[in-house]
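Colleague: Let me begin by handing over the structure; questions about it come next.
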Amino acid sequence: MTSTYTSEIKLGDVTYSLRATTEPSGMVLDLLGADPDGTVLADGRLRLPVEGGIAVGRLVGRVLDAHSRLGRGKRQPANANQRWSDELDAVLRAEWLSGADGAAAERIRAIARSMQRSPTAIRARLPRVGCDPDVPGRTLSADAAKLMGVKSGGSQGEA
């Protein structure tokens with residue numbers, strides 16, 4: 001006895017249709033994805049034994065889930081890899097020195113969000129503008145600046 005089950009889903013402008021046909025010899029899955037003009041964007045056929053359908057379905061789901069996570073990648077902040085200007089250095093310095101309360105990591109994350117930079121970029125830039133990256137609201141001492149290889153007043157405009 002042959003039986004068929006069909007299901008559709010629309011993602012954006014593309015309609016995907018999956019038809020499962022069960023026959024005595026096994027199961028056939030047919031996938032078709034097409035845009036409103038009828039242009040085929042996805043198609044394929046999978047043949048498998050009936051008793052393996054659930055296990056293979058789980059396997060396909062795991063593979064597609066893993067693949068979609070790999071494809072996403074990590075999003076970079078909007079200003080990632082952009083040069084620092086004198087104006088941006090001044091904003092960073094003012095933001096850091098105005099916030100003497102709270103933990104350094106929290107303050108760095110907040111500044112990173114507002115400047116659309118990564119927390120790592122903010123932490124690395126703070127000594128260059130004369131700020132102590134470990135203590136919000138504090139400038140970098142001359143000894144610390146020497147140890148970090150920056151000018152104690154902060155060399156704004158340095159890339």
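Colleague: Pick from Asp132, Asp101, Asp43, Asp89: which is under 30 Å from Arg19 (Cβ atoms) and among the charged types (D, E, K, R)?
Modeller: Numbers: Asp132 fails: under 30 Å from Arg19 (Cβ atoms); Asp101 fails: under 30 Å from Arg19 (Cβ atoms); Asp89 fails: under 30 Å from Arg19 (Cβ atoms).
Going through Asp132, Asp101, Asp43, Asp89 in turn, the sole match is Asp43.
Colleague: Turning to a different aspect of this structure: Can you pull out every residue in segment 93-127 that is more than 16 Å from Pro77 (Cβ to Cβ) and touching a residue at least 40 places away in the same chain (Cβ under 8 Å)? Explain how you work it out, then say what you get.
Modeller: If we filter segment 93-127 for residues that are more than 16 Å from Pro77 (Cβ to Cβ), which is where we start, we get 93-94, 96-107, 126-127.
The answer is Arg93, Trp96, Leu97.
Colleague: Then there's this: Please specify each residue of segment 128-137 satisfying the condition of being closer than 21 Å to Asp101 by Cβ and crowded, with 16+ Cβ neighbours inside 10 Å. Talk me through it step by step, then tell me what you get.
Modeller: Of segment 128-137, the ones closer than 21 Å to Asp101 by Cβ are 129-137.
Of everything in segment 128-137, those that are closer than 21 Å to Asp101 by Cβ and crowded, with 16+ Cβ neighbours inside 10 Å turn out to be Val129, Gly130, Cys131, Asp132, Pro133, Pro136.
Here's the yes/no breakdown for (1) surrounded by fewer than 12 Cβ atoms within 10 Å (Cβ to Cβ); (2) of a type in the set (Val, Ile, Thr):
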| site | (1), (2) |
| --- | --- |
| Ala66 | yes, no |
| Trp96 | no, no |
| Asp101 | yes, no |
| Arg109 | no, no |
| Met115 | no, no |
| Ile122 | no, yes |
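Colleague: Does Arg93 qualify as being at pLDDT 90 or above and of a type in the set (Lys, Arg)? Steps first, please.
Modeller: Working: at pLDDT 90 or above: yes; of a type in the set (Lys, Arg): yes.
Judged against the criteria, Arg93 is a match.
Colleague: State all residues of segment 27-46 that are of a type outside the set (A, V, I, L, M, F, W, C), touching a residue at least 12 places away in the same chain (Cβ under 8 Å) and more than 15 Å from Ser3 (Cα to Cα); if no residue qualifies, say none. Give the steps one after another, and end with the answer.
Modeller: If we filter segment 27-46 for residues that are of a type outside the set (A, V, I, L, M, F, W, C), which is where we start, we get 30, 33, 35-39, 43-45.
Right, trim to touching a residue at least 12 places away in the same chain (Cβ under 8 Å) and you get 30, 33, 35-36, 43-45.
Selection gives Gly33, Asp35, Pro36, Asp43, Gly44, Arg45.
Colleague: Which number in (1) modelled with pLDDT under 85; (2) exposed (fewer than 12 other Cβ atoms within 10 Å of the Cβ) marks the one condition that Gly53 misses?
Modeller: So Gly53 meets the others, but not (2).
Per-residue answers, yes or no, for (1) in the same structural domain as Arg138 (by TED's automatic domain parsing); (2) in contact with a Leu (Cβ under 6 Å, 6 or more places away or on another chain):
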position: Lys10; (1), (2): no, no
position: Asp13; (1), (2): no, no
position: Met27; (1), (2): no, yes
position: Ala34; (1), (2): no, no
position: Asn79; (1), (2): no, no
position: Glu106; (1), (2): yes, no
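The values are calculated or read from the model by the stated rules, or taken from the named source; none is laboratory data. Values in this document were obtained by computation on a predicted structure and should not be read as measured data. Quick reminder, even Gly has a Cβ in these numbers, built from the backbone with ideal geometry, and neighbours come from all protein chains shown.
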